Structure formats: C-alpha cells, structure tokens
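Notes for the one structure printed next.
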Amino acid sequence: MAEQTNKGNIMEVKVSDKYRTVSELLKKGQSNSVYFTFLFLSAIIIASGLLLQSIAIVIGGMLVAPILTPVLVIGLGFSVGEINSIKPASILLLKSVGVITAVSFVVAIIFGGNSGIFIFENTLRAAFLYFFVALASGIAATFAWVHREANEILPGIAVSVSLVPPLSYLGIALSHFNWPEVQISFLMFLLNVVGIIVGSLVIFTLLKFSRLERIIHEESKKQIK
C-alpha cells in the first residue's frame, strides 16, 4: 500500500522510483569512456555548427551531450548533504568544461572562421533570463528523471539548457583571443550550471530525497570504487 501514489500528483513519488532515480543518475553521471565519447562528439558537432552558423547542427549536438547528468547529481548531493556524490560529479563537470573548450578551440584553429550564431547580450536582464531558463530546466529535468513516464521530454530539456554552446563559443573565442567574448561565454555557462543545480536541489528537497541519504551514500561509495 505504501507504494501506491496518485499518478495525477507530480509531487507524489513512490519510494521505488526514488531508488531508481538515485541509481540511474549516479550510474549515468560516472566518469567513463561512454560519457567522454559522447561529450567529445557533441563538442565537435556543436563547435562545427557554431562555425557554420547552423542552428540545426547545434541543436543536434546538444541532444548528444551528456553534461546535464553530473549537474543533476550535484543538485542531488546538495539536497542530502552527500559529499561522496558532489565531489566526483564536480570533478567530472570540470573535466567536461576542459574537454568541450579544448575541442572547440582546436576545431576553430583548424577550420577558422567566427561564430555569429550565438550573440550573448551582456546585460543584467539577459543574465537573469538565462538563470531563470536554467532554473526551469533544472526543475523539469529533475521531474523527468523521477517520473519515468516523463522521460521522453529529456531531449527537449537538453536543447533548452545552454551548457555546451557557451563553452564551445568560449573555445572559439579563445582561438581569436577575444577576451570579452570569453568572459561572457563563461558567465552564461556558469549561470546555467547554478540555475540547474538550484532547480534540481529544490525539487529533490521537496520530494524528500533526503530520506534516502543512506542509500545515496552507499551508491556513491560504489561509484567511487
């Protein structure tokens, strides 16, 4: 009886679904060859799309990028205060930033050209808008992970979250030594990361994932091993 929930209430989640969410998030947020292969390919696709000024190619690369997962793991870790999941996910995120920036830099050096497809508005208004988009995306992504029936919306969320394009733009800007664009691109990426973490943290907290602290701790130790 405890497993029964009101399917019409998005805030009611079965304990088994919470266990599944934790297990799948930690597994897919691991640093392994599969993760970095897709990250590398998505970086090439997005950097090429930016240089070709093709929105369709950029969107295709965003669908391939796996970088959203470690960000959600960080949000999960903060919601329960589990350092064993926050630290490796943060390291993976930093490595991802390095890979995407480096790949985009090399692609820009080889093929040259400027990217005019992403023109970031350097204003306080734009900063808040990017943050609120990321916040909403973090909330939507967390609900999609928790509610298996909503998994089909994850590709759409991947497109709405601007995590890789700003980093690709940063790498391209570096190849031209364009420091103002480097700063703006990094700021846009940072706002997206913070927004997603805050959004996921709020939902994981409201859904009482903190009650799974022991399970998250054990799963995190397994992933580290």
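The values are calculated or read from the model by the stated rules, or taken from the named source; none is laboratory data. Small disclaimer: the values here were computed from a predicted structure and weren't measured. Don't worry about glycine lacking a Cβ; one is built from the backbone with ideal geometry, like all the others, and counts go over all protein chains shown.
Overview of values
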{"quantity": "Condition check for S185: modelled with pLDDT of 90 or more, assigned to a helix (DSSP H, G or I) and crowded, with 24+ Cβ neighbours inside 10 Å", "calculated": "no"}
{"quantity": "Region 168-182, subset over 16 Å from A127 (Cα atoms) and among the aliphatic types (A, V, I, L, M), residue surrounded by the most Cβ atoms within 10 Å (Cβ to Cβ)", "calculated": "I172"}
{"quantity": "Count of region 21-43 residues which are of a type outside the set (F, W, Y), more than 19 Å from A141 (Cα to Cα) and touching a helix residue (DSSP H, G or I) at 6+ places or on another chain (Cβ under 7 Å)", "calculated": "4"}
{"quantity": "Candidate set from region 186-212 (those that are hydroxyl-bearing (S, T, Y) and more than 16 Å from the chain's Cα centre (by Cα)); member that is farthest from V22 (Cα to Cα)", "calculated": "T205"}
{"quantity": "Of all residues making up region 13-25, the number that are crowded, with 17+ Cβ neighbours inside 10 Å and touching a Leu at 6+ places or on another chain (Cβ under 8 Å)", "calculated": "4"}
{"quantity": "Leading residue by the ranking (surrounded by the fewest Cβ atoms within 10 Å (Cβ to Cβ)) among those in region 26-64 that are among the small types (G, A, S) and under 25 Å from I83 (Cα atoms)", "calculated": "S33"}
{"quantity": "Filtered residues of region 78-104 (kept if surrounded by 21 or more Cβ atoms within 10 Å (Cβ to Cβ), within 22 Å of I44 (Cα to Cα) and of a type in the set (G, A, S))", "calculated": "S96, S104"}
{"quantity": "Failed condition for T69, given (1) in contact with a Gly (Cβ under 7 Å, 6 or more places away or on another chain); (2) loosely packed, with under 15 Cβ neighbours inside 10 Å; (3) of a type in the set (S, T, N, Q)", "calculated": "(2)"}
{"quantity": "Residue that is over 19 Å from the mean Cα position of the chain (by Cα) and within 21 Å of L170 (Cβ to Cβ), where the choices are I55, I100", "calculated": "I55"}
{"quantity": "Count of region 71-125 residues which are modelled with pLDDT of 75 or more, closer than 22 Å to N178 by Cα and of a type in the set (F, W, Y)", "calculated": "2"}
{"quantity": "Residues of region 10-26 satisfying the condition of being aliphatic (A, V, I, L, M) and within 15 Å of L72 (Cα to Cα)", "calculated": "V22, L25, L26"}
{"quantity": "Region 126-167: number of residues that are among the aliphatic types (A, V, I, L, M), surrounded by 19 or more Cβ atoms within 10 Å (Cβ to Cβ), within 23 Å of A47 (Cα to Cα) and at pLDDT 75 or above", "calculated": "4"}
